[in-house]
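To keep things clear, I will list the structure first and then write my remarks on it.
None of the figures in this text is laboratory data; all of them are computed from the coordinates on show. This is a predicted model, so every value here is computed, not measured. Using ideal geometry, Cβ is built from the backbone for each residue, glycine included, and neighbour counts are taken over all protein chains shown.
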Amino acid sequence: MGKEVNKVPQGTGRRFKRRTLLLVNFVLFMIPVTYFGYQPMLRYAAGLIIADSEPRKSDAILLLAGGEPGRAWGAADLYKEQMGSYVILTAEPLGSDVIALRQAGIQIGTGVDQNERILRALGVPQENIVRVKPYVYDTFDELTRVRELCEQRQWKSLVIVTSNYHTRRSLLTAKYVLGPYIDFTVVASKHGGINPDEWWKVRNDVRTFLIEFEKLVAYTLYIKPRMLWTSQRNTNQSNTSSALQDSFSMFFS
């Protein structure tokens, strides 16, 4: 008997060529899309952590602690634009090295000291600079202390100034902490921060973006459920109160 010849089904080769051609066309299409399209995507990613707003004239300007000197510079700009009559400063805890140096009789400036010097050098009078005495450990604690200060001084509005990469997290936290009690806007300082158009080209900006994005996720996971629970609780209380009022009205009518 002769050897059997495996016959290729008719049309299989044609389908293979068609799929190969589609794959090649897809790759050729994706190369320019990836090359030219990644930059707009990365610019969009910067918007995940940046939430800048136009400032509104307020009772005071809150300069958030940390970051670069550009935050204090931005607060001084807002003061000159008469967006607030006072500038509030907060202080982070002293590091162990700073404490050791001070114990040795060596006075070393801290972040809040530097911010105050910058404000005064840029024209903010000493009597218009207000320091929050207790140390603050994070943005959440910082805004809680400032809310207490505003309640003491009967301030109803704030302009919050910080680095641009810190604005989204500050806005989220301010909505939760300040809520309906204090009217506020979150403004990015025009000085310092990351370049939202080319942040991925600078190593420090990439590091800052990744750290801030991680913090934003953590804050969101902590704050959002509490905001939702508070909203639902207030709604349920309002509905219960309305139902009780209707019941009393029906009973005594």
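Structure notes:
- Environment charge at residue 56 (Cβ cut-off 13 Å; Lys +1, Arg +1, Asp -1, Glu -1): -2
- Charge tally in the Cβ shell below 13 Å around residue 84, where Lys, Arg are +1 and Asp, Glu are -1, residue 84 excluded: +1
- With 22 Å as the limit, the listed pairs 133/190; 133/156; 80/175 have 133/190; 80/175 beyond it between alpha carbons.
- 5 angstrom amide H check on residue 130, placed H, neighbours 5+ away: 87, 88, 89
- For residue 95, the shell of other residues with beta-carbons less than 14 Å away shows a net charge of -2, using +1 for Lys and Arg and -1 for Asp and Glu.
- Global geometry of the stretch 60-193, whether rounded, prolate or oblate, following the gyration tensor of its Cα atoms and the 1.5 cut on a/c: prolate
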